[in-house]
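Undergrad: Pasting in a structure now, in C-alpha cells, and then I'll have a few things to ask.
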Amino acid sequence: MRITALAGGVGGARFLRGLLHHLDSRPPAAGDGPHEVIVIGNTADDVTLHGLRICPDLDTVMYTLGGGIHPEQGWGRAGETFGVAAELEAYGAEPQWFTLGDRDIATHLVRTRMLGLGYPLSAVTEALCARWQPGVRLLPMSDDPIETHVVIDDPDADPAPDGSPAVKAVHFQEWWVRLHAAAPARQILAVGIDQAKPAPGVLDAIAGADVVVLPPSNPVVSIGTILAVPGIRDAIRATRAPVVGVSPIIGGAPVRGMADACLTAIGVETSAAAVADLYADFLGGWLVAPGDHGSVMPDDVALRAVPLLMTDLEATAAIAGAALDLAQELAGESAGR
C-alpha cells in the first residue's frame, strides 16, 4: 500500500506514529513489496531566529517517528537542556519567547549550514532523516521559503485618521507562541506561497498513491497551506486514490491547539462539518467523533464515526486503521462503477 499523508505538527505526527504501528500489524500480501508512507510536511510555520532556520512541523514529524520527541509535550527533544537559551537571555538577545533547546539547536545548525551551501530544503530534510530513520519519506511541501504571517491590531500605535485601529503583521510563531493566538487575527497570510512550487517528489507522491490521508492537523495553517502551494490541490483533485481525512474538531472544539482561532480568522465555524467543507472539492471520506455524526456534511463525502482521541498508541493505530478501511471501501466502490 502506498500512502501519502499531508501533515502539520503534533497532531499529524502522532497520527502518523499510529499509522505506522497499524501497518506493522498489517503486513503486505505475499509477493507484494513493503508498505510505503510518504509525508508532505507543512513548511509555512518555518521561521529564522538567532540566525537559524527552524522548521517546526518537519522536525516534529521527524523526531516523533524517529523516537526523539519529548513524549509529554509532543514537540521538542526528549531529555532537552537549555544552556544556550539561558546564555542568550543573559545577553538580552531577542526573541526570548521562542526557547530553543540545546539538542534541537544542533538540528537547526545543520539545516542552516546546508541551506547556506545551496542545498534545497528537500535535500536537507532527507539528510536529517538519515539520522532519525522515521520510517516514512518526509518531503517539505516546497523548497521555496514560505512564512505564515498574522495581521492583528497594534495596541501600541495610534488609530488611523478614520478612527479604525492600527494593525501590524507578526510571524505566525509570535502569534501562536508568544500571544497564544489570543489577539484576534484579521488575516492569515502565507507570504511567498503564490510563487512557490511543490518540492521534488510531492506531485508524484500524490499521483502514485493508493490512499491520500489528511491527519488531524490544523486545517488553516497546516493542511490549508500545503493545499495552497500551486499545483498541490489540483494534484489531489486529479488523483485516482481515495482521499480520507480525520477531523481535528470534536464537539465544536479543537482536539489540540488553537485551530478555532485560525478558523475564526477565515470566517469558518469550528465544527467537523465546516472543516470537511474546506476539502469538499476532493474529499472522499471523513472520520468524525461519534457526537458529530449527525452533522450535515458536504455531498458525496462518506462519513464514519469513530473515537478520535489519540490517548495512546493503540487508540491512534485504531483511528489510522479506520481511515484505511474507509479508503478501501471507497476504492472498491470506485472500481465497481
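Undergrad: Restricting the stretch 42-88 to residues that are among the polar types (S, T, N, Q) and under 18 Å from the mean Cα position of the chain (by Cα), which is nearest to residue 113 (Cα to Cα)?
TA: Step one: filter the stretch 42-88 for residues among the polar types (S, T, N, Q), giving 42-43, 48, 60, 64, 73, 81.
From the residues that got through so far, the ones that are under 18 Å from the mean Cα position of the chain (by Cα) too are 42-43, 60, 64, 73.
Numbers: 42: 21, 43: 18, 60: 20, 64: 23, 73: 28 Å.
Filtering first and then ranking leaves 43.
Undergrad: Given the conditions (1) more than 20 Å from the chain's Cα centre (by Cα); (2) at pLDDT below 95; (3) not in a loop (DSSP other than H, G, I, E, B), which single one is not true for residue 151?
TA: (2) is the only condition that residue 151 fails.
Undergrad: Here is a further query. Residue pairs, Cβ under 6 Å, 6 or more apart or interchain, first in the stretch 82-95 and within 20 Å of residue 47 (Cα to Cα), second at pLDDT 95 or above and in a helix (DSSP H, G or I). List them.
TA: 84/102; 84/105
Undergrad: Give me the pairs, please: first residue somewhere in the stretch 4-26 and within 23 Å of residue 55 (Cα to Cα), second residue anywhere and aromatic (Phe, Trp, Tyr), beta-carbon distance under 9 Å, and either six or more positions apart or on two chains.
TA: Between residues of the stretch 4-26 that are within 23 Å of residue 55 (Cα to Cα) and residues that are aromatic (Phe, Trp, Tyr), the close pairs are 5/15; 7/15; 9/75; 10/75; 13/63; 13/75.
Undergrad: For the stretch 96-114, does any single residue satisfy the condition of being modelled with pLDDT under 95, surrounded by fewer than 18 Cβ atoms within 10 Å (Cβ to Cβ) and closer than 17 Å to residue 10 by Cβ?
TA: Yes, because at least one residue in the stretch 96-114 is modelled with pLDDT under 95, surrounded by fewer than 18 Cβ atoms within 10 Å (Cβ to Cβ) and closer than 17 Å to residue 10 by Cβ.
Undergrad: Can you pull out the strands (runs of 3 or more DSSP E) entirely within the stretch 232-311 that have at least 1 residues that are of a type in the set (Phe, Trp, Tyr)? Please lay out each step first, then the result.
TA: Details: elements: 243-246, 285-288, 302-305.
Counting at least 1 such residues, we get 285-288.
Undergrad: Among the candidates 173, 133, which residue alone is touching an Asp or Glu at 6+ places or on another chain (Cβ under 9 Å) and of a type outside the set (Val, Ile, Thr)?
TA: Values: 133 fails: touching an Asp or Glu at 6+ places or on another chain (Cβ under 9 Å).
None of the others qualify; the one that does is 173.
Undergrad: Turning to a different aspect of this structure: Any chance the stretch 5-26 includes a residue that's over 26 Å from residue 224 (Cα atoms) and not in a helix (DSSP H, G or I)?
TA: Step one: list which residues in the stretch 5-26 are over 26 Å from residue 224 (Cα atoms), which gives 21-26.
Retained after the next criterion (residues that are not in a helix (DSSP H, G or I)): 25-26.
Scanning the stretch 5-26 turns up at least one residue that is over 26 Å from residue 224 (Cα atoms) and not in a helix (DSSP H, G or I).
Undergrad: I'd like to know if the stretch 115-123 contains one or more residues that are in the same structural domain as residue 35 (by TED's automatic domain parsing), among the hydroxyl-bearing types (Ser, Thr, Tyr) and in contact (Cβ under 8 Å) with a residue 24 or more places away in the chain. Outline the logic, then answer.
TA: From the stretch 115-123, those in the same structural domain as residue 35 (by TED's automatic domain parsing) are 115-123; that's our starting set.
Subset that is among the hydroxyl-bearing types (Ser, Thr, Tyr): 119, 122.
Those still in the list that are in contact (Cβ under 8 Å) with a residue 24 or more places away in the chain too: 122.
Within the stretch 115-123, one or more residues are in the same structural domain as residue 35 (by TED's automatic domain parsing), among the hydroxyl-bearing types (Ser, Thr, Tyr) and in contact (Cβ under 8 Å) with a residue 24 or more places away in the chain.
Undergrad: Report yes if residue 200 is surrounded by fewer than 20 Cβ atoms within 10 Å (Cβ to Cβ), modelled with pLDDT of 95 or more, more than 26 Å from residue 49 (Cβ to Cβ) and in the same structural domain as residue 9 (by TED's automatic domain parsing), otherwise no.
TA: On the way: surrounded by fewer than 20 Cβ atoms within 10 Å (Cβ to Cβ): yes; modelled with pLDDT of 95 or more: yes; more than 26 Å from residue 49 (Cβ to Cβ): yes; in the same structural domain as residue 9 (by TED's automatic domain parsing): yes.
Answer is yes for this residue.
Undergrad: Moving on to the next point. Taking the options 88, 65, 58, name whichever one is under 23 Å from residue 147 (Cβ atoms), in contact with a Gly (Cβ under 7 Å, 6 or more places away or on another chain), crowded, with 16+ Cβ neighbours inside 10 Å and not assigned by TED's automatic domain parsing to the domain that holds residue 174. Walk me through how you get there before you give the answer.
TA: Values: 88 fails: in contact with a Gly (Cβ under 7 Å, 6 or more places away or on another chain); 65 fails: under 23 Å from residue 147 (Cβ atoms).
Of 88, 65, 58, the one residue that is under 23 Å from residue 147 (Cβ atoms), in contact with a Gly (Cβ under 7 Å, 6 or more places away or on another chain), crowded, with 16+ Cβ neighbours inside 10 Å and not assigned by TED's automatic domain parsing to the domain that holds residue 174 is 58.
Undergrad: So, in the stretch 172-203, of the ones that are among the aliphatic types (A, V, I, L, M) and part of a helix (DSSP H, G or I), which residue ends up farthest from residue 221 (Cα to Cα)? So that I can check it myself, show each step before the final result.
TA: Start the filter on the stretch 172-203 by keeping residues that are among the aliphatic types (A, V, I, L, M), which leaves 177, 179, 181-183, 185, 188-191, 193, 196, 199, 202-203.
Cutting the leftovers down to part of a helix (DSSP H, G or I) gives us 177, 193, 202-203.
On the way: 177: 14, 193: 12, 202: 19, 203: 20 Å.
The extreme case among them is 203.
Undergrad: Identify, by number, the condition in (1) under 21 Å from the mean Cα position of the chain (by Cα); (2) in contact (Cβ under 8 Å) with a residue 12 or more places away in the chain; (3) surrounded by 15 or more Cβ atoms within 10 Å (Cβ to Cβ); (4) within 30 Å of residue 179 (Cβ to Cβ) that residue 285 doesn't meet.
TA: Here residue 285 meets the rest and fails (4).
The values are calculated or read from the model by the stated rules, or taken from the named source; none is laboratory data. It should be emphasised that the depicted structure is a prediction, and the values quoted were computed from it without experimental measurement. Quick reminder, even Gly has a Cβ in these numbers, built from the backbone with ideal geometry, and neighbours come from all protein chains shown.
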